[in-house]
Amino acid sequence: MLFDLEPKSKREDLFGRDNEVNAIVNFIRSKSRFLAIYGIRRVGKTSVLRVSLNEASIPYCYIDARMLENDFTKRRLYQLISNCLTELSIKWRLENAIRNITRAVRGINILDSGIELNVEIDWRNAHLTDLLNALSMNLSQIVIAIDEAQILRMMKGFGKIDFTQVLAYTYDNLNNVKVVLTGSEVGLLHDFLGLDNPKSPLYGRFVEELTIKPFSRGASIQFLITGFRQYGVEVTINEVLDVVDKLDGIVGWLTYYGNARVRGINNINEIYERAMKLIDGDLKSLLSRSIYYGLVLEAIARGRKHFNEIREYITLRLNKYVALSEVERALSNLMKMSIITRVAHGEYEIMDPIIRMKFSQ
Ligand code: ADP
């Protein structure tokens, strides 16, 4: 059903996106090695990726790097990898290959109930490159899909894992291992991969790119009409047009709205209030890092869209001198996180309609 809040994984639940799914399936079946999928939060990256992985019929291991948040440890990472290896064996009937892999790699064991395998990894002893080597040797092909991959940069550091090295090793040595990364903080993913940075292990490697864009106005209208029809809920065309005007084709928000309405929330303002609360959770850690982030967003949402206007707004709000560099830094970081973008005539704009709504109040 279109208004289910979980990311979609079946084609019949996915509205549109045929071109995007075809592009990913073609990538998986081609000789290309790495693909990066960009797009802001809630635009539908995970859904498109999951549907494509299921359609391509090639074994894959899917890791949602958001599951590492608040726990950027090797231990947590290996837990996620164990889960995906267990799933790999069940979903693709690869028990024998998984047995071989676990035999070949130090620190990896299986619990074999005779019915299904459960992979266990001892994070102190296991090495990611050994594991990738073993996967490559025992499977004819495998896709490693990492959602919100910019989060992996947090694992760098003492006793942790430098993923760019692991990815470079995979790229250079394991021809039958494909990697798909998604990132909603596009600039951060770019910086992390460092494809243009001579100091990065991945420097100079070729990565295909796909950007998932918001729905067009027409597609958004059709999405809502189809969704409401699925649930037999009647809404006026004026309501649909109003929602589409407010939510800018961000399918996650359209889904959220539709879901709330079909669950019987008829007070439209309440739906937006709830969406803004949800955004509070997303933005909490960002806003706690610097007061400038919130003030920049406030300035832009209230119509101060040029650099000088933004700086002036912040100066007035704080009632103190604000250095040029502070504002520059905040703008640059917010751009890297794909929260704002620069549009025509040097104006800045907030990309997410709910963030815009929240800060304009
Ligand atoms: P992202 O990974 O970009 O944050 P998700 O794939 O998690 O986005 O999608 C956000 C929400 O929108 C989820 O509720 C998902 O079910 C819904 N959704 C996204 N794309 C589609 C689509 N093409 N058709 C139907 N629902 C979608």
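Every number in this text was worked out from the coordinates using simple rules, so none of it is lab data. What you are looking at is a predicted structure, and each value in this text was computed from that prediction instead of being measured. Quick reminder, even Gly has a Cβ in these numbers, built from the backbone with ideal geometry, and neighbours come from all protein chains shown.
Points to keep in mind about this one:
- Asn267/Arg302 FRET efficiency (R0 25 Å; Cβ-Cβ; nearest 0.05): 0.45
- Cα-Cα P(r), the stretch 1-80, percent of pairs per 5 Å interval: 3, 13, 22, 21, 19, 13, 7, 1
- Volume of the Cα convex hull of the stretch 216-266, divided per residue and given in Å³: 65
- Cα centroid of the stretch 27-45 to Cα centroid of the stretch 108-138, whole Å: 26
- Taking the helices alone, the chain has a mean residue ellipticity at 222 nm of -16000 deg cm²/dmol, built from -39,500 (n - 2.57) per DSSP H run of at least 4 residues and averaged over all its residues.
- Whether the stretch 285-361 is rounded, prolate or oblate, judged on the alpha carbon gyration tensor where a/c under 1.5 counts as rounded: rounded
- Each part reduced to its alpha carbon centroid, the stretch 285-361 and the stretch 209-282 end up 26 Å apart.
- Between Glu312 and Arg217, the FRET efficiency estimated from the beta carbon spacing at R0 = 30 angstrom works out to 0.30.
- Net charge, Thr73 excluded, C-beta distance under 12 Å - Lys, Arg +1, Asp, Glu -1: +3
- Per-q log10 I(q)/I(0), the chain, q = 0.08, 0.13, 0.15 Å⁻¹ (Debye; single scatterer per alpha-carbon; no solvent): -0.47, -1.12, -1.33
- 10 Å-binned pair-distance histogram of the stretch 11-211 (Cα, whole percent): 9, 36, 39, 16, 1
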